[in-house]
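The values are calculated or read from the model by the stated rules, or taken from the named source; none is laboratory data. The structure displayed is predicted, hence computed values, not measured ones. Note: ideal-geometry Cβ built from the backbone for every residue, glycine included; neighbour counts use all protein chains shown. Ligands, DNA and RNA are excluded from the accessible area calculation, which covers all protein heavy atoms including side chains. Shrake-Rupley method; radii C 1.70, N 1.55, O 1.52, S 1.80 Å.
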Amino acid sequence: MNIVKPKHLYVIGNGFDRYHGAQSSFWDFRQYMLRRNPNVVAQFDVFFGPNTLCNTFKSPEGWIDAIDDRSARWYYGKSYPKPKWSEGHLWCSFEEYLAELNREKVLEFLDMNLPPINSDDEDFSMADYYLPIDRTKDMIRDCTFEMRFLLHKWVNTLHFAKGWKNRKLDLAPEALYLTFNYTTFLEDLYEVPAEQVFHIHGSRKDKYGSLIIGHGMDENVVFERWKHKCEAQKRFRPNLKGRNGHWFANDRLPFLMYFLQDESKGNWRTDTRYYALQEAVEVIEQYYATNRKQTEAVINKFSNLWQSLDDVQKVTVIGHSLSNIDMPYFEQMANGLKKQGVEWEFSVHDKKDRERVSHFCRKMKISKDS
């Protein structure tokens, strides 16, 4: 497809939709999911991020109950702890924390539900063995496919506020628009021709489940960062001291899987724990591979756009957080711009926005005079 080479490029982020009254933050997405499938929310709160909601409960049974189908209504009750860290961090940086599936908590969850018997025990049941494995798989699947499906449904409910015309922005109709939003406010409210709007992560009009969402981190980098952080923790040492004061070989599944040097010397307790661990870890690592945002593929998909930017004289960024997860797109865009003389313009809402813009300009080597 041939693209008309414009002199003005707009980069649109979620702040643009929110300016027009749309409840389009990921916290709003959380509230939507609470009404549609509260278990998905509970699972994300419980198993994602370094300060997961697991740490809020006094006992393991508490956070197991948080993702139990029978307790879906419990999520609305007074007994559910206020997810303070979740409110302030987890859902504010939702895509980034998709890279923080807590391996340790997932494996603990699996271990709590495994039958404490060997496969050759007369009481052994394959159903009892596979139930916790399947439950772990379902939990991870819900935070992948189910959440992606709910995201698309939620996007289709977003709308601008009444009286939006009173706040209408003065946008250049002949410009190109690179939008990170799934909504079609540019086309619907400002009547920008569809061929001038590029939805980098997909549009609400796309096939259900096809919207691009993910963490953008290399899964190997994420793993090494997590492992390095855990190595200094006492619970990952080869030997632990029990309540009776006696030392014993560390038998925690996270240690056995990721830190044990020789698995033949592992304190497995039962063969069922060994085999269940292998299956669960395969699912965990598949999660990371599946939920990595395929940035390179997206960049290649829009190759014609990057090649059309050499005549651009002005770039206006509206409502974008300039987060690291989207930096590859900005770097690719900058490569297509003329090296000198491009004017950059940013919308800012508060002091934090100004700090983000300053950091972005330093990183992108954009002059303050631009």
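Assorted remarks:
- Remark: the Asp188-Lys352 segment gains 56.0 nm on full extension, using 0.36 nm per residue and subtracting the alpha carbon distance.
- Around the Cα centre of the stretch 299-357, unit charges on the Cβ atoms of Lys, Arg, Asp and Glu (plus for the first two, minus for the last two) sum to a dipole of about 60 debye.
- Ser367-Glu296 FRET efficiency (beta carbon distance; Förster radius 35 Å; 0.05 resolution): 0.75
- Note that the chain presents 54 Å² accessible area per residue, ligands and nucleic acids not counted, probe 1.4 Å.
- Each of the peptides 132-139, 8-15 was scored by the mean count of other Cβ atoms within 10 Å over its residues; in descending order, highest first, they stand as 8-15, 132-139.
- Taking the charge dipole of the chain about its Cα centre, with +1 at Lys and Arg Cβ atoms and -1 at Asp and Glu Cβ atoms, the residue from Ile212, Val106, Ala334 reaching farthest to the positive side is Ala334.
- Inter-label distance, Arg141 to Asn239: 4.4 nm, where each label sits 7 Å from its Cα along the C-beta direction.
- Full-stretch length increase - Glu331, Asp134 - with 0.36 nm per residue and alpha-carbon distance subtracted: 66.8 nm
- With every protein chain in place, the chain: carbon and sulfur % of accessible area (1.4 Å): 48 percent
- Normalised by the number of residues in the chain, the average gap of Cα pairs under 8 Å and 6 or more apart makes the relative contact order 25 percent.
- DSSP-defined beta bridges in the chain - what % are antiparallel, rounded to 5: 20 percent
- From its DSSP helices (H runs of at least four residues, each -39,500 (n - 2.57)), the chain gives a residue-normalised ellipticity at 222 nm of -12000 deg cm²/dmol.
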